[in-house]
Every structure is written in structure tokens, then in C-alpha cells.
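The values are calculated or read from the model by the stated rules, or taken from the named source; none is laboratory data. Quick caveat, the model's predicted, so the values are computed rather than measured. Positions of Cβ are backbone-derived with ideal geometry, glycine not excepted, and every protein chain shown enters the neighbour counts.
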Amino acid sequence: MFIKGDQSIWIERPFGCSMVVAGPGIAREQHDFADEDALQKYQMAIADRLASAGWLLWGVNRQRRNGLERRAGTRGNDRRRSTEVPVSDRSAR
């Protein structure tokens with residue numbers, strides 16, 4: 001979903017190589033493509049066109065615009081496995 005002010009545009013892929021663009025308002029268009037490649041090229045082009053016109057991709061731009069640097073926060077425990085062998089296992093070798 002793209003948003004701009006109080007308006008929204010939804011891009012849906014209901015089945016196969018079809019795409020529905022709904023909005024803003026009551027506008028609605030269905031596009032059918034010969035193959036997946038053609039559909040993806042159109043989807044990327046329309047996303048670029050909307051972004052250039054000031055539309056924000058909700059979820060992506062929302063996170064970027066919250067003013068917080070996500071890498072600046074502290075992280076929890078490191079989830080990676082330790083390469084060190086526990087002391088109790090060393091005696092078994």
C-alpha cells in the first residue's frame with residue numbers, strides 16, 4: 001500500500017499474472033500480463049513512479065521516517081553459537 005496524506009493506493013496480485021491497482025479514491029484498474037517478468041517490470045515501474053510523485057510505501061517508509069536509527073539501539077544476547085568448547089566437554093576429549 002502506498003500512502004500520501006489521507007489517500008492510499010493498493011497494489012494487489014489476485015492470481016496468476018494479473019495485478020489490480022486500487023486507488024486513490026474509487027479508481028481501480030486491472031492489468032493482465034503475458035508472464036511474471038512483464039508483471040514484475042510493471043510493478044517496479046509503478047512503484048518508482050509513485051515514489052517520485054511523493055507516495056510512500058507503507059511499512060518501508062514508515063520505519064525509515066520514524067527518526068530512530070535502528071542500528072543505534074542496544075542488542076540483546078548474541079544468538080550466534082560460541083566456538084569455545086564448554087569446560088565440562090574438554091575433559092571428555
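Tabulated data
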quantity	calculated
Those helices (runs of 4 or more DSSP H) lying entirely in segment 14-93 with at least 3 residues of a type in the set (A, V, I, L, M) and modelled with pLDDT of 55 or more	36-52
Those residues of segment 9-20 which are under 17 Å from the mean Cα position of the chain (by Cα) and under 18 Å from D48 (Cβ atoms), in sequence order	I9, W10, I11, R13
